Amino acid sequence: MSSILIPLSVFLLSLEALSTSSASVGSRSVLRAVVVEKNGNQPDFAVDLNATNFDAVLRDTPATYAIVEFFAHWCPACRNYKPHYEKVARLFNGPEAVHPGIILMTRVDCASKINTELCDRFSVGHYPMLFWGAPPKFVSAGPKPKLDKNEIVGIDDGRTADRLLNWINKQLGRHVTPFSYGLEDEKFENEHLQSNVSDPGQIVRAVYDVEEATSIAFDIISEHKMINSETRASLIKFLQLLVAHHPSRRCRKGSAEFLINFDELYPSDMLADKKQETIIANGKGTLGNFQICGKEVPRGYWMFCRGSRNDTRGFSCGLWVLLHSLSVRVEDGESQMAFSASCEFIHSFFICEECRQHFHDMCSSVSSPFNKTRDFALWLWGAHNKVNKRLMKEETSLGTGDPKFPKVIWPSKQLCPSCYLSQSQERNVTSRIDWDRNEVFKFLGSYYGKMLVTVYKGKGLEDGGTDKAVADDLPVSTNALVVPVGAALAIAVASCAFGALACFWRSRQKNRKPRRSWN
């Protein structure tokens, strides 16, 4: 019994840490905390649950799905099945998870008296018995949970690791190679790369980080109830930018769904009343119910942006990559709109006060509008280097930086030799660089544009494609009439890829008067 209680106490402590930390750090902490060495033996990846922590763990997990195995420790078949279950669990659970944030794999020992009522609650009739569902479904399940495709599903074909993983792939619609999960999958180890490597191919995997950063940003907005009469217009403007130019198709689709329904969820007349703001923020039809980048976005995975420590890189890195990717995708006529949308979004919704203020100061120092994509992309690149230069000094003096990924002036000469005209050393070992800004812009366009999604062609994440492909990917909605005034026009101007749908929105909105919030 003590061998069970020790790992459970560690796991519960990780959950307590999760509740007091940020969205990005919390998700990674719980994913990295579920594995505990037992007497020096092979660690267990599946999480041991009992009646005292069952609801809490499943309620607080960041995973999209959960599998619960009901077993008895005295059952020979259960003991023989455990290695099979663990082979699959190591893909999804623990600090070395290959696909973290997707599935939380757990087990409950029905031979323990403390779990008798819990096992009866799920009508466990044989061992081992496996159930699949969204974690909240297990928590809200009544005395006799409803077992159907919309609630909790019994897994009837999981006798071996291969068969269980095949069942999972079919459930997730990933049964077609190369999209299916495999027992031999290995985690991409960003920690093994040097921070200044000359291989520009690092960025190709960052599309997942951009998706995760987008999802976390909107989670924060929802959790902190940050949409109000003052921030509403800023969010709409940034959503327009995402709809047209986010590098991930599923994030463009989710942004479009939210934008289409925005006026219905957050009407301007209701947001003017603080009491109504609270009602809207706590209501059922709010941002919290939208998955801005879809259901399968990994959490805590951080590939390009993974730090060598839990508290470094991650979300902030992913957000920078998102902004850079947007800056090189806009057209010349959109550059000023993209600049103001990005500045307003960070100022309204980034909850690190010092970072937010520094970014606002850089935005406020711009005296003339941007007329070209090149102007905005180079400004953002310069702003990022200013931030790196400032943090470089602070992290060096305080020892708070990531030792494997120290802040540097970017891009390095190894990444872009043609970006450098000359470089001279000044006092305090700082470098004064004469940049070839035309070459820098070419590099930015390639690095954050084509290269960012190169390896994901055909997986539904990539940028580009025909008008029809994008239009087909957008939701068919009867709420097209409630697109915020100006949204249709902005989308139509922003991206010809949304031609058919944008023209439809524009035709339905052209007779409505623009609201002052768009001036």
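The values are calculated or read from the model by the stated rules, or taken from the named source; none is laboratory data. This one's a predicted model, so the numbers in the text were calculated from it and none came from an experiment. Every residue, glycine as well, gets a Cβ built from its backbone with ideal geometry; the counts of neighbours run over all protein chains shown. Please note that ligands, DNA and RNA were not included when accessible areas were found on the heavy atoms of the full protein model with its side chains. Shrake-Rupley method; radii C 1.70, N 1.55, O 1.52, S 1.80 Å.
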**OP:** Take the stretch 406-422 and flag every residue that is more than 21 Å from Ala383 (Cβ to Cβ) and either part of a helix (DSSP H, G or I) or open to solvent by less than 60 Å² (accessible area, probe 1.4 Å) (or both).
**Re:** Pro417, Ser418, Ser422
Original post:
Counting just the residues of the stretch 336-380 that are among the hydrophobic types (A, V, I, L, M, F, W, C) and not in a helix (DSSP H, G or I), which one comes out most open to solvent (accessible area, probe 1.4 Å)?
Top reply: Ile351
Subject >> Where a residue in the stretch 321-339 is more than 16 Å from Val210 (Cβ to Cβ) and of a type in the set (Ser, Thr, Tyr) and its partner, wherever it lies, is open to solvent by less than 20 Å² (accessible area, probe 1.4 Å) and not in a loop (DSSP other than H, G, I, E, B), with Cβ under 6 Å and at least six apart >> reply: Ser335/Thr373; Ser335/Phe376
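Could you tell me which residue of the stretch 94-136 is modelled with the lowest pLDDT, considering only residues that are of a type in the set (Phe, Trp, Tyr) and within 34 Å of the chain's Cα centre (by Cα)? Outline the logic, then answer.
Step one: of the stretch 94-136, the residues of a type in the set (Phe, Trp, Tyr) are 122, 127, 131-132.
Retained after the next criterion (residues that are within 34 Å of the chain's Cα centre (by Cα)): 122, 131-132.
Numbers: Phe122: 90, Phe131: 95, Trp132: 94.
Filtering the stretch 94-136 for residues that are of a type in the set (Phe, Trp, Tyr) and within 34 Å of the chain's Cα centre (by Cα), the one modelled with the lowest pLDDT comes out as Phe122.
Within the stretch 262-270, identify whether any single residue is at pLDDT 90 or above and either under 30 Å from Arg309 (Cβ atoms) or surrounded by fewer than 24 Cβ atoms within 10 Å (Cβ to Cβ) (or both), and answer yes or no.
Initially, the stretch 262-270 is screened for residues at pLDDT 90 or above, giving none.
There is no residue in the stretch 262-270 that is at pLDDT 90 or above and either under 30 Å from Arg309 (Cβ atoms) or surrounded by fewer than 24 Cβ atoms within 10 Å (Cβ to Cβ) (or both).
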**OP:** Name the residue, out of Arg79, Arg159, that is part of a loop (DSSP other than H, G, I, E, B) and open to solvent by 70 Å² or more (accessible area, probe 1.4 Å).
**Re:** Arg159
**OP:** Give just the number: which of (1) assigned to a loop (DSSP other than H, G, I, E, B); (2) of a type in the set (Gly, Ala, Ser); (3) at pLDDT 95 or above does Gly401 not satisfy?
**Re:** (3)
Original post:
Based on what the data block shows, is Asn166 over 24 Å from Thr116 (Cβ atoms) and modelled with pLDDT under 90?
Top reply: no
Original post:
Could you list, in sequence order, the residues of the stretch 425-463 that are under 21 Å from Lys407 (Cα atoms) and at pLDDT below 55?
Top reply: Gln425, Glu426, Arg427, Asn428, Val429, Thr430
